[in-house]
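Have a look at the structure below, then the notes.
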Amino acid sequence: MKSKRLTDDDIIKELINVMFLIAGHDVTFEEIKGRKDQWYYEWTMTPEQEEKWMEHMVKYFRKHRTMTIRHAKTSASMFNLMYGLKVNRPELEQEND
């Protein structure tokens, strides 16, 4: 039996849940669904966590959307721009002081 193709909504939900999990936050897609504010600024992740999440997204897009590596990386970057959490970069904050 062939499994059905995931919808874009399924992918968004799963990737956001994984993002919160990797970032160590006890939040799910269901809790932020429908919010019109800039919810992604309420939580943060480290650069290392962001890198891990980006790697996960590339693998995920390649598996579920059969993309080339280049296209998967571009899609992951775009997804991160739209839904990614704020990344704590203390070295940049120190330079501004």
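The values are calculated or read from the model by the stated rules, or taken from the named source; none is laboratory data. Keep in mind that what you see is a predicted model, and the values were worked out from it rather than measured. Quick reminder, even Gly has a Cβ in these numbers, built from the backbone with ideal geometry, and neighbours come from all protein chains shown. Keep in mind that these areas ignore ligands, DNA and RNA; they rest on the heavy atoms of the full protein, side chains included. Shrake-Rupley method; radii C 1.70, N 1.55, O 1.52, S 1.80 Å.
Annotations for the structure displayed:
- To the nearest 10, the accessible area of LYS52 is 120 Å² with a 1.4 Å probe.
- Taking the chain and dividing mean pair separation by its residue count, relative contact order in percent (alpha carbons under 8 Å, at least six apart): 29 percent
- Rounded to 0.05, the FRET efficiency of the HIS25 and HIS71 pair, given R0 = 35 Å and the Cβ-Cβ distance, is 0.75.
- Computed from Cα atoms, the angle from the helix 8-23 axis to the main principal axis of the chain rounds to 40 degrees.
- Given a 1.4 Å probe and the protein chains as shown, ARG89 ends up with an accessible area of around 80 Å².
- Principal axis extents of the C-alpha atoms in the chain (largest first, rounded to whole Å): 59, 31, 21.
- When each of LYS13/LYS59; LYS33/LYS63; LYS36/LYS73; LYS33/LYS86 is checked by Cα-Cα distance, pairs over 21 Å: LYS33/LYS63; LYS36/LYS73
- Ranked order, ASP26, ASP37 - accessible area, probe 1.4 Å, largest first: ASP26, ASP37
- Percentage, to the nearest whole number, of Cα pairs in the range 1-53 over 17 Å apart: 43 percent
- For LEU21, the accessible surface of its heavy atoms amounts to roughly 140 Å² (probe 1.4 Å, protein chains only, rounded to the nearest 10).
- Using the average count of surrounding beta-carbon atoms within 10 Å as a protection proxy, the listed peptides 71-78, 54-61 rank, highest first, as 54-61, 71-78.
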